[in-house]
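We did not get these values from a lab; they are worked out from the coordinates using the rules stated. It should be emphasised that the depicted structure is a prediction, and the values quoted were computed from it without experimental measurement. Positions of Cβ are generated from backbone atoms using ideal geometry, with glycine treated the same way; all protein chains shown enter the neighbour counts.
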Amino acid sequence: MGTSTSRRPPLPLLAAAVAAVVVMALPLVYLVIRVVDSGESAWSALWRPRTAETIATSLLLVVLVAVGVLILAVPTAWLLSRTDLPFRRVLIVLVALPLAVPSYVAAYAWIALLPGMSGVLAAALVMSLSTFPYVSIPLMAALRGLDPGLEESARSLGLGRAAVARRVVLPLMWPAAGAGLLLAALYTLAEFGTVSIFRVDAFTRVIYASYRASFDRTAAAVLAVLLVLLALALVAAEARVRGRASRWRTGSGAPRPAAPIHVRGRVRAAGLVWMSCVIGLSLALPVASIIGQLVLSRRRAFDPEAFLGALAGSVSASTLGAAVALILAIPLGVLAARYTGRLVRSLEAGAFAGHGLPGVVIGLALVFLTLMLLPAAYQTLATLAFAYAVLFAPKAVGATRAAVGAAPPELESVARSLGRGPLGAWWQTTGRLAWPGIAAGGLLVLLTAMKELPATLMLRPTGFETLATRLWSRTEVEAFGAAAPYALALIVLAALPAWLMSRWLGSPGSSGRRSQAPRTLDRGDAAADGAWKGAAMHQVKAGPS
Amino acid sequence: MLPHARLPMLLLPAAVLLAACSGGDASSSANGDGTSASSAGAVVVYSGRSEDLVEPLLTKFTAETGIPVEVRYGDTAELAAQLIEEGEASPADLYFGQDAGALGALDAAGLCATLPDGVASAVPARYRSADDTWTGITGRARVIAYDPRQVPEADVPTSVFELTDPKWRGMVAIAPTNGSFQAFVTAMRVSQGDDTTRDWLQGLVDNDVQTFEKNSLIRDAVDTGGAALGLINHYYWYQKAAEIGADNMNVQLAFAKPGDPGALVNIAGACVLSPSDNAAGAAELLTWMLDPSTQEWFVNETWEYPLVEGVAAPSGIPPLADLQGPDIALAELEDLPGTLAMLQDIGLT
């Protein structure tokens, strides 16, 4: 452990971090207060049959998506990491790209092609197709890193191929797959656009519908709190499973890469057909559908003024949101990177707990909060930006933590010993090294916020449009041609974080960050490395919408 | 420095710059200081009617009067509920909804200001509130849309109460979040009682009713055979017929028998909101909506019934006077909250 980690954090930094967590937790706390306050009517909303149906629908959807993700991800990851299938390099890039298609955009593309599509199976199909890289990417990395010696030993001790897969490979793959599945499950729970387009009465749609179609919004608030509890339960369940599944090497000897399995003939053809199907359904079909809509309706649908207005709306709200998110995230990220201790860990955990918080929940909470406590802030750009910050600041915390952690703390000590004040020393050493990483975190927040839908619908100023709300309102009236430019713009915007992630996650042993900052990893702090990868992973997908 | 680290460094300032440049747009919707809505003098409209229809209408208003308008679109009930939640803090000046019940609920909450001079007397008394707080703008009739390939004309139900018959299982489409549907449910509650209405709604659910967001989607679903019967307003059919030609449409309309709640004649209407800080602009917009030339625009564009004397109804649709819905006054529809609670209880919204 470096010397700096044993110091106590300076009080102003600690205070700023505590304040950030409090501010981020505020909407949720207020929501709970509102529910508790409404007593009897909250109670009756809770025991309505509708509530149980909603829980059942959401859980069914999560299970279906998890199954779909595994079906898509496992063969894909195996083919691309353990065989000599041709075009592997290109294919590896292509199977990461579905992350660049926000799933409600994919849902729009599907329904524009097949207008009758609806229901839980349709939603599960589209969400599996857009979230399977959450599992396939870490699984590929894990499979590549798997020491073939283990499998060989198992084989030599008399296990058959199937038994090796079940008793050796599977347990070793579970941590990678489990974390990815958790992300896919949280995404599914929080996703609003897709379930609404396919008319699935999952939590987010029911919350939004009962917010809209009721003079008493207690039921919406009750469901929102339940949704958050469900998401927390999923996180806890995954942590339990992973806690039991830790594996490590003991003893000397270096792992070697596994020799790729030669596939030829029918197996090779089948492998290529499989890859074409996966890429075709997850990527080619949505993009082709959107371009088709664009071409078909070029004449009547495109309104450049509305498009530019929506783009300007997206950019201005998201930029403000990213700025606020950085203000909240920097103290937390610096604290988490440089200091340890219970308080620091719980602050960090508090910040990360906001991850994957559904936009519809924060939207609802801020509608209540602003109307009750701060009517002047109701339906303002400021409140919308604050919502983005609360929803996406955890991404910036991860990026800040990684960037600051990669800057050697000794430089700061040296600067201090040469007479700089604490802030000056930080700015001239750590700050200079870390700010590109911190800025990247801000950019990821910005790009993610551009795709946010439900909170934007609830909180935006009157007349204020973003790319996402335009796509939404056009899709709602089945004006698919008019929606196409917005869908395309959203995909282009999402491509950037997807590209950044494929760089960060693509090659686990040799990421650029490691060569940039050998010192951090000299600490042998594999957990920090893992956390960074987790953070990078979180950063990528457009937060659910 | 890694190449990928340079990109965000370039993009972040670029994004900030773009945001700054777009400031004009953003601040016209939300003043730079972050306070609520509206550039100077703009009338803030909460519209429970769709953007497709209202946007061209208000563009015409701005072009003719020079008064800018900002619109928040939503469902009729949603925006009424929102206005009640917002109370005095509301940034809205005018509410435009497609259900007399929502207007009644706003009135009951004390949110409708007294109608401006001249507006109150512009439409017949039965299409406005008794205390001159809201007025109808246009009229519309509830109809049953049917797919003649699945249901021959002779077999089309003449009462909505037949729709819970098991022979229509999975074949009926409704739009439970739509203001017109909700008004019709309120009308059923008023004319037939809550128990009958609740049983009917439950019967629909048990009969696997299909739910849609919009009337236009129901019309299209019936047209393509996705549903056999749908409850919509008359003008959705005529708009589409004007667009693609009646001969190219499969879906047809039937009127429920006189007195049936399914034959309700309702209004799209508006009121000036009492929390408004631009009541003069809102009054001007409301007066303009009832101007004979605007009423003619409605006739030509939306195929609704004009409510102002002397403006001819769209040709080819049954005269308003011949339509006989349930025998209730529109002002009786004000218990929209009760209807919403019932729909939510049953699980339709």
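Here r is the Cβ-Cβ distance between A:Phe87 and A:Arg8 and R0 is 41 Å; the resulting FRET efficiency, rounded to 0.05, is 0.15.
Of interest is the spacing of the C-alpha centroids, which for the stretch B:301-346 and the stretch A:41-73 amounts to 38 Å.
Within 10 Å of the Cβ of each residue in A:210-221, the mean number of Cβ atoms contributed by other protein chains is 6. Each of A:Tyr388, B:Tyr73 has some number of other Cβ atoms within 10 Å of its Cβ, and from fewest to most they run B:Tyr73, A:Tyr388.
In terms of other Cβ atoms within 10 Å, A:Leu364, B:Leu163 run from fewest to most in the order B:Leu163, A:Leu364. Could you list log10 I(q)/I(0) for the stretch A:20-119 at q = 0.13, 0.15, 0.22 Å⁻¹, which the Debye formula gives when each Cα is one point scatterer? Each listed q maps to, in turn, -0.86, -0.96, -1.15. Restriction of the trypsin sites (Lys or Arg not before Pro) in the stretch A:53-134 to DSSP coil positions whose beta-carbon has at most 13 other beta-carbons within 10 angstrom yields no sites. Exposure proxy ranking for A:Phe368, A:Phe307, A:Phe132, A:Phe198, based on other Cβ atoms within 10 angstrom of each Cβ and starting from the fewest, stands as A:Phe307, A:Phe368, A:Phe198, A:Phe132. Here the spin labels are modelled as points 7 Å beyond Cα on the Cα-Cβ line, and at A:Ser41 and A:Glu410 they lie 6.4 nm apart. For the stretch B:223-321, which GluC sites (Glu not before Pro) are in a loop by DSSP, counting at most 12 other Cβ atoms within 10 Å? Qualifying residues, ordered by number: B:Glu309.
Between A:Ala56 and B:Arg126, the simple label model (points 7 Å from Cα in the Cβ direction) yields a spacing of 4.6 nm. In whole Å, what is the distance between the alpha-carbon centres of the stretch A:124-138 and the stretch A:332-364? Measuring centre to centre over Cα atoms gives 25 Å. Dividing the convex hull volume of the alpha carbon atoms of the stretch B:256-349 by its residue count gives 160 Å³ per residue.
Mind running the shape call on the stretch B:134-231? Use the C-alpha gyration tensor, a ≥ b ≥ c as the square roots of the eigenvalues: rounded below 1.5 for a/c, prolate if a/b tops b/c, oblate otherwise. Here the stretch B:134-231 falls in the oblate category. The stretch A:394-449 and the stretch B:137-200 have Cα centres spaced 63 Å apart.
Report the residue, chosen from B:Glu55, B:Glu86, B:Glu64, that carries the largest GNM mean-square fluctuation when chain B is represented by alpha-carbon nodes joined by springs under 10 Å. It is B:Glu64. Based on the Cβ-Cβ distance from A:Phe302 to A:Trp427, what FRET efficiency comes out when R0 is 41 Å, to the nearest 0.05? Calculated value: 0.30. Annotation: aspartates and glutamates with alpha-carbon distance below 14 angstrom to A:Lys451 (same-chain offsets under eight excluded): A:Glu191, A:Glu465. Which of the three applies to the protein assembly as shown, rounded, prolate or oblate, going by the alpha-carbon gyration tensor with a ≥ b ≥ c and a/c under 1.5 meaning rounded? Prolate.
Between A:Val235 and A:Ala19, the C-beta separation translates, for a Förster distance of 35 Å, into a calculated FRET efficiency of about 0.90.
Averaging the sequence gap over all C-alpha pairs within less than 8 Å and six or more residues apart, then dividing by the number of residues, gives the stretch A:61-155 a relative contact order of 51 percent. Taking 7 Å steps out from each Cα toward its Cβ at A:Leu157 and A:Arg256 produces label points 2.1 nm apart.
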